[in-house]
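The values are calculated or read from the model by the stated rules, or taken from the named source; none is laboratory data. Keep in mind it's a predicted model, so treat the numbers as computed, not measured. Ideal geometry is used to build each Cβ from the backbone, glycine not excepted, and the neighbour counts take in all protein chains shown. Please note that ligands, DNA and RNA were not included when accessible areas were found on the heavy atoms of the full protein model with its side chains. Shrake-Rupley method; radii C 1.70, N 1.55, O 1.52, S 1.80 Å.
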Amino acid sequence: MSKKQYIVALEIGSSKVVGAVAEKIADNRLEVKHVEEVLQSNCVNYGIVQNVENIKSCIGTILRSIERVISGNVTQVFVGLAGRTLHSESSEINRSIDASQPITQAIIDNIIAEGSRNGIKRYETLKVVPRAFYVDKSLVTTNDPVGQYGNSIKIKFNMIVANSNIMLNLKRALSMTNTHNERNFIITLLAMGEHVLNPDEKRLGCMLVDMGAETTSVAIYKGGMLAYLNTIPLGGRNITLDIANGMNVLENNSERVKKNINNPLDVANVDNITIEGISSKEAALYINARAGEIIANVNKQLEYAGMTANEIPTIVLTGGAAQLKGIAKKVEETTKIKVRMANMPSNIFCHDCNNANRPEFVQLMALIAEAARTIDPMDSCITIHNYDDGPIITDQKQAPQPVVHNPEPKKPKGTSWWNRMKDRFESLGDKLTEDPDQ
């Protein structure tokens, strides 16, 4: 039996740590085998791990659960990167080339590597993403200059950067795993852009909005390429805290109220009921105000990217905070752009793992899909304890045969006294019959 390939991925958020394992099967499909989440609070601040030991404990719990399900040892994991300081910085590189030779992928990779070395003060460059290619000042509309000829090539690209602390404590929390290769760290928003958005959306223009607990991340695509990326330090927890602080109630109660109001963003039509001792109409005022602020900041990103709503036909919403009732309609009304909710990557299947299909796990499934695309075909995140390939013969000597003890045959029973006497009388009678004169 051939070796199975497993992918393990983690998403470390502000309110919980979630992990999953999937098996890579035929046609590049991925079957999710298990999803595990551990709730935590005040350990991650705006995407940056603050309490390393607590997050390490959460990760350990998840990995042990995965190992029990798969019956193997987790040897490496892929981890999503997100956080308040994560954003894109535009840059470009011009280079003269030999016009007699075609442009190769090696030339492109060399230029991108050069871009990675052009760091920005106070930030760590996590990835360089091409935005546009020009050969002899002409735009390459296919976004692939390999094979073309020219005297010069120019690459416009986005440097995805973040505060260096985003990696420092994350690596400390992952010290129990063999996660030292930079490929094991995946920018979550880019993974979703690759596996959640369809090619037509990215070509025509699309804004991907990931609404989390403490941050809202925005990626804008145009012409099939990433045009802009930024993180807004506002999320669903801000709404919860507004209710808690404004109405002097516990945060857990505020969270339940936020989730159970029928339409919190339509204040005029909210049912006037009491939930957890909190007036739904009063709570809706706080929800509507903060949600409106988050949406206004999302809409502002178009201006920062140098675009207008007319250039972006679609907004795709995802994330836990995007599950707020009525949020999609509110975003559409504010931005004047058509909105849809994100779906799972098309190659992800969850037949025996019911909770993997929850909308808030789209990010994690995108990480699984991207990890499966980048991992070496001969590699796996899990080493199985053993394979059931049949009996293993360690010694060719014939096993000793069992000894069968055959019992001695029983001796026939002797003739009884009565039978002996009976035989004598019969013999005497015979003699009398044969000699009547005697």
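With contacts taken as Cα pairs under 8 Å and at least 6 residues apart, the chain reaches a relative contact order of 18 percent. Pairs from the list K258/K300; K127/K171; K33/K171; K137/K222; K33/K325; K56/K259 with a Cα-Cα gap above 21 Å: K258/K300; K33/K171; K33/K325; K56/K259. Ligands, DNA and RNA are left out, and with a 1.4 angstrom probe the accessible area of segment 114-203 is 51 Å² per residue. For a test of the definition: using alpha carbon positions, the gyration tensor, and the 1.5 limit on a/c, classify segment 245-352 as rounded, prolate or oblate. Cα axes put segment 245-352 in the oblate bin. The overall shape of segment 100-160, judged from the alpha-carbon gyration tensor, is prolate: a/c is not under 1.5, and a/b is greater than b/c. For the chain, adding -39500 (n - 2.57) for each run of n ≥ 4 DSSP H residues and dividing by the number of residues yields -10500 deg cm²/dmol at 222 nm.
For percent of Cα pairs over 32 Å apart, which listed value, [x] 31; [y] 51; [z] 28, comes from the coordinates shown? It is the value labelled [y]. Per residue, segment 296-352 exposes 51 Å² of accessible surface when a 1.4 Å probe is rolled over the protein heavy atoms with every protein chain present. Restricting attention to segment 194-339, close to 70% of DSSP beta bridges with both partner residues there are antiparallel. In this simple spin-label approximation, E92 and Q148 carry label points 7 Å from Cα along the Cα→Cβ vector, and these lie 1.3 nm apart. For the chain, modelled as a Gaussian network with Cα springs under 10 Å, which listed residue fluctuates most, L197, L168, L208? Among L197, L168, L208, the largest GNM mean-square fluctuation belongs to L168. In this Cβ point-charge picture (+1 for Lys and Arg, -1 for Asp and Glu), segment 100-183 has a dipole of about 380 debye about its Cα centre. Taking other residues whose beta carbon is less than 11 angstrom from the beta carbon of V331, and scoring Lys, Arg as +1 and Asp, Glu as -1, yields +3. Among N299, N151, N184, the largest mean-square fluctuation in a Gaussian network model of the chain, built with springs joining Cα atoms closer than 10 Å, belongs to N151. Using Cβ point charges alone (K and R +1, D and E -1), the dipole size of the chain about the Cα centre works out to roughly 900 debye. Rounded, prolate or oblate: which fits segment 1-105, taking a ≥ b ≥ c as square roots of the Cα gyration tensor eigenvalues, rounded meaning a/c under 1.5, else prolate when a/b beats b/c? It is oblate, given that a/c is not under 1.5 and a/b is not larger than b/c. Among beta bridges from DSSP that stay inside the chain, the antiparallel ones total about 80%.
Of the accessible area of the chain, computed with a 1.4 Å probe over protein heavy atoms only, carbon and sulfur atoms account for 48 percent. Among P102, P345, P313, the largest mean-square fluctuation in a Gaussian network model of the chain (Cα springs under 10 Å) belongs to P102. Between the alpha-carbon centres of segment 52-68 and segment 257-298 there is a gap of 36 Å. Under a 5 Å amide H cut-off, with hydrogens placed 1.01 Å from N, L10 pairs with F78, V79, G80 among residues at least 5 apart or on other chains. Once backbone amide H atoms are built at 1.01 Å from N, I382 has Y6, T75 as its partners under 5 Å, excluding neighbours fewer than 5 places away on the same chain. Between K300 and S138, what FRET efficiency comes out of the Förster formula 1/(1 + (r/R0)^6) with R0 = 22 Å and r the beta carbon distance, rounded to 0.05? Efficiency, rounded to the nearest 0.05: 0.10.
Using Cβ point charges alone (K and R +1, D and E -1), the dipole size of segment 263-312 about the Cα centre works out to roughly 80 debye.
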